[in-house]
Amino acid sequence: MATNAKKKMVQWEPSDIKAELLRQYPPKVARKRAKQIMINEAQQNDTPALTANVRTIPGIITMRGCTYAGCKGVIMGPTRDIVNLVHGPIGCSFYAWLTRRNQTDAGPDGENYMNYCFSTDMQDSDIIFGGEKKLTAAIQEAYDLFHPKSIAIFATCPVGLIGDDIHTVAKNMKEKFGDCNVYAFSCEGYKGVSQSAGHHIANNQVFRHLVGLNDEIKPGKYKINLLGEYNIGGDGFEIDRIFKKCGITCISTFSGNSTYDQFASSHTADLNAVMCHRSINYVADMMETKYGIPWVKVNFIGAKATAKSLRKIAGYFGEKELIDRVEEVIAEEMPEVEAALAEITPRTEGKTAMMFVGGSRAHHYKELFDELKMKTISAGYEFGHQDDYEGRQVLPNIKVDADSRNIEEIEVEPDETRFKPRKSDKEMKALEKKGFKFKEYDGLAPDMDKGTLIIDDLNQYEAEKLVELMRPDIFCAGIKEKYSIQKLGVPMKQLHSYDSGGPYAGFKGAINFYKEIDQLVNSKVWSYMKAPWQENPQLSASYNWE
Amino acid sequence: MLLRHTPTDITERKALTINPAKTCQPIGAMYAALGIHGCLPHSHGSQGCCAYHRSTLTRHYKEPIAAATSSFTEGASVFGGQANLLQAINNIFTVYNPEVIAVHTTCLSETIGDDLPQIKKKALAEGKIPKGKHVLSASTPSYVGSHVTGFSNMVKSMAMAAEPTGKKNGKVNIIPGWVEPADMEEIKRITKIIGVKTILFPDTSGVLNGPLSGEYKMFPEGGTTMAELKSTGDSIGTLALGEWCSADAARELDAKHKVPCSVLDMPFGLKATDRFIDALRTIGGVTIPEQILHERGQLVDMISDMHQYLYGKKVALVGDPDQLIAMTEFLVSMDMKPLHVVTGTPGKKFEKRIKELTKDMGCKVNVKAKGDMFLLHQWIKNEPVDLIIGNTYCKYIARDEDLPYVRWGFPILDRQGHQYFPTVGYKGGLRLLEKILGVLLDRKDRDDPESKFELVL
Ligand code: SF4
Ligand code: SF4
């Protein structure tokens, strides 16, 4: 080790770094982690080369959250006119109260419960005697107070253990009210290995209880749903602005600033555009099977990515009017983006970034760093699956483990009356022939350079080591990681909830991001780590005023 | 309107909590544990709780909060979490090498009935706890009490680590309760000036208000050492600040090791600080130096100078019981009117204390333990106030009702300073007062008609 430490960091081989990350672990832990750290080959394999979506090692300080966080926090949290009632002790509901920075606009109807936090605040006696009575009463009280269209119930850890039947309670209350849709999510924190399980559970119930309830045809010509966009820091607002400008009608966003009716009508759209592949690909698949809506992967993070995604949507509809309009919008928006880049890239070019967030987000943000001519030297996901890393082609090769098997898969069949292929087989084939890709996601690995490190479920220990060894110019992760990285003198940008910033999506968002990254990597503060007398400890005999 | 659906009509709710004024036990245990030197808190349950607790503490303190978790999945939830905890203890000592692991339960491990002391014994027997290292544990079910209870339980487990030698150490134990790192520092400053030797536990100063220097230390310099905790059994007495946060630990030392204790209010504001200083004087057998009197005089001076802006002002308060009791007394002592007082932490004693403190105010006071901020907002709608004091979540009420607002308590997610500037003691009183006056006078400057707008005030 002594010789290693003397090596200059830039000369470290990826394999050395990997070895260094594993050095401190007990042998069993090291063996497991070794499989989750991949030195990128930048090639598309059929068999997964990286292990992902496996249990977190007890005692290792993890970045991950839980199933409940994925279900209530991510998917249902940003829905504005649904009362999200958490059944459990108070904590779970408290921590998910407004902390994700999902922005919201109450809209003309003025219904917005996002600023509220609802809980059954289970007590000792509820744990001993069961909490169904209390849940029933709480639903009633919420109904009496607010008369919402819909109440969603979320189970936390103890609820599953004591066996409260939340689904029956929900069903009974729904029948009782008649004008309020009540349904429940069995998203206890211990199910699955990360937030990802919660996304899946949320998607199933959204599909079962919300999608397809309203057949009324909404006005608009090019109708899409935007899936996997949560309006963090106003991203959704910027994307909406662009859609409007292009003449694209977004029937429903899952689920940034979304409303009950949006979900209920979402099956009337003609295309599903999927942003966060990880959190929501299930809904896209189910909607395709049941209603015949094809889906494509899009990305509105990065100006080029935004343009590309708009073109993809326009290409799908294939009408000149839309294709032209999209080009016009891109032409209108890009000069401002290019001006910002021209000013900023000289200060960011060649700098390095690391990103460890979410299950698609690190990949999305790589595009923005590319635009800034910054190099992503290491990246990974907190709760990605193998297909998020290596592309959907590995799906058939992924072994389903016990933890994933606990999560319900719902059987979906074409809807007898409402299944309607949006494009004929011939049209689909023609599009595919032109290179149009449906249902496809290539994953992070093919986009990363050869020799970069792709690490699944990075933990605090490894994060610190990586930063020490490779000294990136910026590190991106979540709030828990923020200050330990910054203590090392490296700026840390939150990419789950964006610190105080945003939006970063779309054209205007890209400009915001460039400016912020410039501000972070070029901030003077990082040069203040050492006091002058620490930098230059020898005594000097001359005085300034001499 | 951010809270547009909150009706003025107050209906009784038996089952539904809206906008809680408390959170769950483990986060308190985690914060307390960070006040032990070289300690890694460990959350025994599924990893989501730990992630939430770390995130909230991080947002409040703006500092790295390291804590490990047993990462339960379904298997552990059915078969018990012993294997996970044993593995975790081994991994933690190997990878992070802390002096102490402070384990607390979550509602999950509590519900399945994991027995921490027994698991700890097994870890010892299997050699998973290296020589000279420690594992503390506290049971912190989230369906009892609140985050304050969890804090208290972990502090009690610190008191349980006492190992008296039989030889008195001449020190006074001070249990400061859930206050900011800056407050703990201020308490140490005060006791130093007074000349009483103390063991302060927990002590998060130097842990959660650390410098930025290009180095990350998972275990910073600060914190009460295990040696000090062991020595608490040899102390001449204990001052427990706050019935809810600190009394259990003090009584434990009293009952087990005959270290006499007095339970005082947290030293926020003039009178509670007076009592604290006086108690130090008596127990330490010292005379109070001029400097302390000087600081006291400064606080009295500022109160008298600005009394006209404070007199009769109506206040709504939300927070934790020990802090609220002291704050209520402080406000009343300045002729202000705390009209609505809510804590989410249960306890009849709280309501009684607030009623006593406000009984001469000559108006009805709404007080509720185990209340929530929805109720507080409804009270405010029915009887408006001039000022609201509480944690960050108050900003929604403050904006909707257009109220001057002072951030104080836990959590404060959107401002800085609480970790650096104390609000305990006389100096802390000055700061509290400065903040209160600041918002009241800003409001006056903003709202007075031009003809009434004055330079000097
Ligand atoms: S599951 Fe229990 S311990 Fe965990 S956050 Fe929720 S209330 Fe707190
Ligand atoms: S990128 Fe991750 S954190 Fe973000 S929405 Fe998707 S799954 Fe969630």
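What follows is calculated from the coordinates using simple rules that are stated; it is not laboratory data. Note that the structure is a prediction, hence the values are computed from the model and not measured. Methodologically, a virtual Cβ is constructed for each residue, glycine included, from the backbone with ideal geometry; neighbour enumeration extends over all protein chains shown.
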Any chance you could give the angle, 0 to 90 degrees and rounded to 10, that helix A:460-470 forms with the longest Cα principal axis of chain A?
40 degrees
Rounded to the nearest 500, what is the 222 nm mean residue ellipticity of the protein assembly as shown from helices alone, with -39500 (n - 2.57) per DSSP H run of 4+ residues and division by all residues?
-13500 deg cm²/dmol
Taking a ≥ b ≥ c as the square roots of the Cα gyration tensor eigenvalues, with a/c under 1.5 meaning rounded and otherwise prolate when a/b beats b/c or oblate if not, region A:316-436 comes out oblate
Binned at 5 Å starting from 0, the alpha-carbon pair-distance distribution of region A:378-441 in whole percents comes out as 3, 11, 12, 17, 18, 16, 14, 7, 2, 0
Quick one: what are the phi-derived ³J(HN,Hα) couplings along region B:420-426, Karplus 6.51/-1.76/1.60 with θ = phi - 60°, whole Hz, x for glycine and proline?
10, 10, x, 10, 8, x, 5
Kindly identify region B:293-441 as rounded, prolate or oblate by the Cα gyration tensor criterion: order the square roots of the eigenvalues as a ≥ b ≥ c, call it rounded if a/c is under 1.5, otherwise compare a/b with b/c, prolate if a/b is larger, else oblate.
rounded
Expressed as a whole-number percentage, the relative contact order of chain B with C-alpha contacts under 8 angstrom and at least six residues apart is 17 percent
Based on the Kirkwood radius over alpha-carbon pairs, what value in µm²/s does the Stokes-Einstein equation return for the translational diffusion coefficient of region A:174-226 at 10 °C and 1.306 mPa s?
115 µm²/s
Just subtract the alpha-carbon distance of residue B:230 and residue B:4 from 0.36 nm times their residue separation and send over the number in nm, one decimal.
76.0 nm
Rg/Rh for the protein assembly as shown: what does it come to with C-alpha atoms and Rh from Kirkwood?
0.97
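Hey, what does the equivalent ellipsoid look like for chain A, semi-axes from the Cα gyration tensor as sqrt of 5 times each eigenvalue, largest first, whole Å?
Numbers: eigenvalues 312, 178, 113 Å².
Each semi-axis is √(5λ); the values are 40, 30, 24 Å.
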Whole-Å distance, taken between Cα centres, linking region A:427-446 and region B:1-25:
49 Å
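Need one word for region B:354-457: rounded, prolate or oblate. Basis is the Cα gyration tensor (sqrt eigenvalues a ≥ b ≥ c); a/c below 1.5 gives rounded, then a/b vs b/c decides.
Since a/c stays below 1.5, the shape of region B:354-457 is classed as rounded.
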Taking every DSSP beta bridge with both residues inside the protein assembly as shown, roughly what % is antiparallel (nearest 5)?
10 percent
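For each of A:17, B:354, count neighbouring Cβ atoms within 10 Å of the residue's Cβ, then give the residues from fewest to most.
In order of increasing Cβ crowding within 10 Å: A:17, B:354.
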For a footprinting-style exposure proxy, rank B:78, B:456, B:207 by other Cβ within 10 Å, fewest first.
B:456, B:78, B:207
Could you work out the local net charge near residue B:444, counting Lys and Arg as +1, Asp and Glu as -1, over the other residues with Cβ closer than 14 Å to its Cβ?
-4
May I ask for the distance between the Cα centers of region B:304-329 and region B:202-254, given as a whole number of Å?
28 Å
Taking H placed 1.01 Å from N in the peptide plane, check which residues at least 5 places from residue A:355 or on another chain put their amide H under 5 Å from its amide H.
A:378, A:379, A:380, A:476
Reach of residue B:452 by Cα under 21 Å, taken over lysines that are not fewer than 8 positions away in the same chain
B:313, B:444
Which listed pairs, of A:218/A:244; A:223/A:320; A:373/A:493; B:349/B:435, have C-alpha distances above 19 Å, in listed order:
B:349/B:435
³J(HN,Hα), Karplus 6.51/-1.76/1.60, whole Hz, each residue of region B:37-48, x for Gly, Pro
5, x, 9, 9, x, 9, 9, 8, x, 7, 6, x
Under 14 Å between alpha carbons, and skipping anything fewer than 8 positions from residue B:348 in its own chain: which aspartates and glutamates qualify?
B:243, B:320, B:322, B:356
Inverting the mean 1/r over all pairs of different Cα atoms, compute the Kirkwood radius of chain B and quote it in Å.
22.9 Å
So what J values fall out for region A:323-340 if you push phi through Karplus, 6.51 cos²θ - 1.76 cosθ + 1.60 with θ = phi - 60°, rounded to Hz, Gly and Pro as x?
4, 5, 5, 4, 4, 4, 4, 4, 5, 6, 7, 5, x, 5, 4, 5, 4, 4
How far apart, in nm, are the 7 Å Cα→Cβ label points at residue A:144 and residue A:109?
2.5 nm
Final fewest-first order of A:427, A:229, A:367 on the 10 Å Cβ neighbour count is A:427, A:367, A:229
Along the charge dipole of chain A, which of A:445, A:310, A:505 sits closest to the positive end, that is, farthest toward it, with unit charges on the beta carbon of Lys, Arg, Asp and Glu (+1, +1, -1, -1)?
A:445
Distance from the Cα centre of region A:502-533 to that of region A:287-357, in angstrom?
23 Å
The local net charge around residue A:177, scoring Lys/Arg +1 and Asp/Glu -1 for residues other than residue A:177 whose Cβ lies under 13 Å from its Cβ, equals 0
Where both partners of a DSSP beta bridge lie in chain A, what percent of those bridges are antiparallel, to the nearest 5?
15 percent
